[in-house]
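Below: the structure, in structure tokens.
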Amino acid sequence: MFSDIRGLNVWTYARMLTVVVLALCSIHSGYGQTCTEGFAYDRRARVCVDIDECRTVPDACRGDMQCVNQNGGYLCIPRGLYSQPTYPRGDPYPLQPPPAPPVAPSYPVVSRSAPCLLGYTLAEDGTCHDMDECETDSHQCNPTQVCINTAGGYTCSCTEGYWLVGGQCQDIDECRYGYCQQLCANVPGSYSCSCNPGFLLNPDSRTCQDVDECEDNPCAHGCFNTYGSYMCSCEEGFELASDGTTCNDLDECGFSEFLCQHRCVNTPGSFQCHCPAGYYLYEDGRSCEDINECETGNNTCTTAQVCFNFQGGYTCLDLLKCDPPYVELSDNQCMCSAENPACRDRPFTILYRHMDLSSGRSVPADIFQMQATTRYPGAFYIFQIKGPGNEGREFYMRQTSNVSATLVLSRPIKGPRELVLDLEMVTVNNVINFRGSSIIRLTIYVSEHPY
């Protein structure tokens, strides 16, 4: 081995034995290009070019060491060795060939006196072995750097997550480069990704996936999963509470007093309408309809009585009994004969009628009609309310023709109440000098409710 290099000078020999670690650069499109340690990105040429650390790094080599730039790094060698004659790069020999070396024997010769280059040490067998400067702590790396042994030398580098800036290893802020999908926390030499509430970190420790919170049934009624969250819904008749998960019953009865015709009862998620006694709930679920107890047979009237139904109730009417001097003309009419002296100045007939009236009925309202059944030539008729029953002047008669009139309700009446009105029809005939009258005794049953 030594016989082949005797014609070379020391510098050429050092160049042959020194292994220079070449670094590859990683180029990305846009403005986020990065290169490995010892290189810088040239935007114009779009390649990674070597950094001359001997110029850019202050005191790259200390003591009597000379800095020699290498591709991707640099070497520190003694100045005496560096000052030996050099030759143009790429030409291992000078312009004048060196003196011819002596003829080497045909068998290997080991020379124990041959010195080793810098970075190597002479072994017992006479060969030169690489010296591990990193292990012997004879390197010149800064405390922030990591020593990496090379053949015949060493390299000062930085651990993962750091880069070399001005001869010092500084932490790389990975969060600036969007390594995390959502949240990123930079830590010395590394970074940590996390997710917003409603997401879970995927096994790649970078991306986040949505959490389906509805699987845990967080809502009292319905749940709808959204990206990163969820929404609760309530069934009909309920509203979402302030906590966003539970549902409160809506009091529909408090919304309007007209929801039910009579009384509204709130129930969980709904409401029910109730009707008073004597009524049933109509098919619309809100209105109240009168129960005709006389038709259903649900009454207490005897066979000797007549059942009369009115709104919300009924009454049992006894059979007609005419007070003297009246005699019964029919089942609802009494007559006082003209031949009877006691009937003078008395109504000729009394007809009994019954009707019902809703409490608080709107006014004015025509509620009953009266008409003469017998007409006499030259006669005219007067219609009026006679006797008690109209003390509050809730009624009056309006004549609609020569032989008819209508009973008008002029003021609302609140029930329950029972009124008896004598509606008189006076017949006057001046030709025969006749004046007589007939009465309809009208009993009005005013209901307790306005329906």
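The values are calculated or read from the model by the stated rules, or taken from the named source; none is laboratory data. Fair warning: this is a prediction, and the values are worked out from it, not measured in the lab. Positions of Cβ are backbone-derived with ideal geometry, glycine not excepted, and every protein chain shown enters the neighbour counts. The protein model used for the area step is the full one, side chains on, heavy atoms only, and it has no ligands, DNA or RNA in it. Shrake-Rupley method; radii C 1.70, N 1.55, O 1.52, S 1.80 Å.
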Checklist entry - Mind listing the phi-derived Karplus ³J(HN,Hα) values for segment 358-364, rounded to whole Hz, using 6.51, -1.76 and 1.60 with θ = phi - 60°, and x for any glycine or proline? => result 6, 5, x, 4, 5, 10, x
Item to check | Equivalent ellipsoid, segment 118-201 (semi-axes from 5 times Cα gyration tensor eigenvalues, Å) | outcome: 42, 13, 8
Checklist entry - Expressed in nm to one decimal, what extension gain is obtained for the pair residue 366 and residue 183 from 0.36 nm per residue of sequence separation less their Cα-Cα distance? => result 57.7 nm
Next on the checklist: If each residue of separation counts as 0.36 nm, what is the full-extension length gain between residue 43 and residue 124 once their alpha-carbon separation is subtracted?
Outcome noted: 24.0 nm
Checklist entry - How large, in percent, is the carbon and sulfur part of the accessible surface of segment 200-333 at a probe radius of 1.4 Å? => result 48
Checklist entry - Using modelled amide H (1.01 Å from N, peptide plane; none on Pro or chain starts), what sits under 5 Å from the amide H of residue 75, excluding residues fewer than 5 places away? => result 68, 69, 70
Checklist outcome for this item: Plugging the Cβ-Cβ distance of residue 206 and residue 241 into 1/(1 + (r/R0)^6) at R0 = 41 Å yields, to the nearest 0.05, a FRET efficiency of 0.60
Item to check | Residues residue 221 and residue 305, FRET efficiency given R0 of 41 Å [Cβ-Cβ distance, rounded to 0.05] | outcome: 0.10
Next on the checklist: What value in Å³ per residue do you get for the convex hull of the alpha-carbon atoms in segment 309-451?
Outcome noted: 116
Checklist entry - Residues with amide H under 5 Å of residue 39's amide H, sequence separation 5 or more or different chain, H placed in the peptide plane at 1.01 Å from N; which? => result 51
Item to check | Added length on full extension, which subtracts the Cα-Cα distance from 0.36 nm per residue, residue 190 to residue 255 | outcome: 17.2 nm
Checklist entry - How much of the accessible area of segment 348-449, probe 1.4 Å, is carbon plus sulfur, in whole percent? => result 47
Next on the checklist: Calculate the FRET efficiency for residue 64 and residue 146 from the Cβ-Cβ distance with a Förster distance of 22 Å, rounded to the nearest 0.05.
Outcome noted: 0.30
Checklist entry - Using the Karplus equation 6.51 cos²θ - 1.76 cosθ + 1.60 (θ = phi - 60°), what ³J(HN,Hα) coupling, rounded to whole Hz, does each residue of segment 67-79 give in order, writing x for Gly and Pro? => result 7, 10, 6, 10, 6, x, x, 7, 10, 10, 10, x, 5
Next on the checklist: Can you give me the convex hull volume of the Cα atoms of segment 183-315, divided per residue and expressed in Å³?
Outcome noted: 135
